[in-house]
Each structure stands twice: as C-alpha cells, then as structure tokens.
C-alpha cells in the first residue's frame, strides 16, 4: 500500500465518478422511456388512485418553482457541483464516512441528470406521480437528491459526533 494514501484515495474518486455516471445513465434511461411511452398519452396507472406514471415537462425547479429560469439553474448546478466536489474531498476515506460520500455522489448524479435535460431541451422530464397525496410529479434524479439530502441531515444530526464533522467543515 502506498504510504501517502494516494492510491486508495484515487480509487475512491474513480468509484464515486463511476457511480455518479451510472446514476445519471439510469436517470436518463428512465426519462427516455417516459418520452417514448408516456408523452402524449394518458397516465399509466400502476395502483389506482395511488401511483401512476405521467409525462410532464418541468421548466422550473423542484415542485415547479422558478419556471423558465434556465440561467439560474445552470449557475446553481455549477455551484452545487463545486460544493459537492469540495465536500467529497474533505470527507475522510474511511468506512465510517462512506454514507456521507454516497450522499455526495447521489446529489451530484441528481444535479447532473436534471442539468442534462435543461441543457438539451430546456426542461426536465418528470413522470412519477403519487396521486394519493397529490405529490408533485418527479423523476429518478429528484429521488437521488431528495434521498441524499434527507440522509445527509439525518447523519449530521444523529449519526456523526460533532468532533467527527469539525474537520470536514473547516476550509
């Protein structure tokens, strides 16, 4: 093993990039399926009055906020990407901090997946709809970001000790 720890760190970075790329590919694949099978069609009911697949072109942010603000979204993705990369580099490369690193990868994959849509077609394809609670229509990238954000909050509040996190937050 390399005494400086460079090789293991590079392996962690490459694994993170590969996982993020796979996440983006899954997101883009599901959106492509939504375009092919749902666009211009009635919603496809999975569970009556509970869950359905419904094509939607979202020109806003989460839950349809900030409609048609493409420049804002692209700048936001750049800032988020820089913050996630900085954060990932600061997190210790130990098993204990794997959940934090996975959160970073999921956030990056979600941001990239929706950014690809915004750049290529000026809207994000959404297609998952929980009719039972009338939750806004969303997509796989949204699942990544939402899940990672909730997990990140949980980990910071309940799993890691304050001392463990102090070195990460220092610039």
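The values are calculated or read from the model by the stated rules, or taken from the named source; none is laboratory data. Being a predicted model, the structure only gives us computed values, none of them experimental. Note that each Cβ is placed from the backbone with ideal geometry, even for glycine, and that neighbours are counted across all protein chains shown.
How about region 34-50: which of its residues are crowded, with 18+ Cβ neighbours inside 10 Å and over 20 Å from residue 115 (Cα atoms)?
So in region 34-50, the residues crowded, with 18+ Cβ neighbours inside 10 Å come out as 34, 38.
Passing the criteria: only 38.
Given 132, 151, 157, 128, which one is in contact with a helix residue (DSSP H, G or I) (Cβ under 7 Å, 6 or more places away or on another chain) and either at pLDDT 95 or above or more than 14 Å from residue 109 (Cβ to Cβ) (or both)?
Going through 132, 151, 157, 128 in turn, just one is in contact with a helix residue (DSSP H, G or I) (Cβ under 7 Å, 6 or more places away or on another chain) and either at pLDDT 95 or above or more than 14 Å from residue 109 (Cβ to Cβ) (or both): 151.
Name the single residue, out of those in region 122-145 being touching a residue at least 24 places away in the same chain (Cβ under 8 Å) and in a helix (DSSP H, G or I), that is farthest from the chain's Cα centre (by Cα).
Selected residue: 132.
For region 2-13, state whether one or more residues are part of a helix (DSSP H, G or I) and at pLDDT 95 or above.
No: zero hits.
Being surrounded by fewer than 18 Cβ atoms within 10 Å (Cβ to Cβ), touching a strand residue (DSSP E or B) at 6+ places or on another chain (Cβ under 8 Å) and at pLDDT below 95: is that true of residue 64 here? Let's see the steps before the verdict.
Working: surrounded by fewer than 18 Cβ atoms within 10 Å (Cβ to Cβ): yes; touching a strand residue (DSSP E or B) at 6+ places or on another chain (Cβ under 8 Å): yes; at pLDDT below 95: yes.
The answer is yes for residue 64.
Just to be sure I understand, how many residues within region 42-61 are in contact with a strand residue (DSSP E or B) (Cβ under 7 Å, 6 or more places away or on another chain) and within 20 Å of residue 121 (Cα to Cα)?
Residues in region 42-61 being in contact with a strand residue (DSSP E or B) (Cβ under 7 Å, 6 or more places away or on another chain) and within 20 Å of residue 121 (Cα to Cα): 5 in total.
Only one of these is part of a helix (DSSP H, G or I), more than 18 Å from residue 28 (Cα to Cα), within 17 Å of the chain's Cα centre (by Cα) and touching a residue at least 40 places away in the same chain (Cβ under 8 Å): 148, 78, 83. Name it.
148
Would it be correct to say that residue 158 is exposed (fewer than 14 other Cβ atoms within 10 Å of the Cβ), farther than 20 Å from residue 24 by Cα and over 12 Å from the mean Cα position of the chain (by Cα)?
Yes.
Within 30 Å of residue 7 (Cβ to Cβ) and at pLDDT below 90: is that true of residue 107 in this structure?
no
Are there any pairs with C-beta distances below 8 angstrom linking a residue in region 11-23 that is closer than 19 Å to residue 147 by Cα to a residue that is not in a helix (DSSP H, G or I), with the two at least 6 apart or on different chains, and if so which?
none
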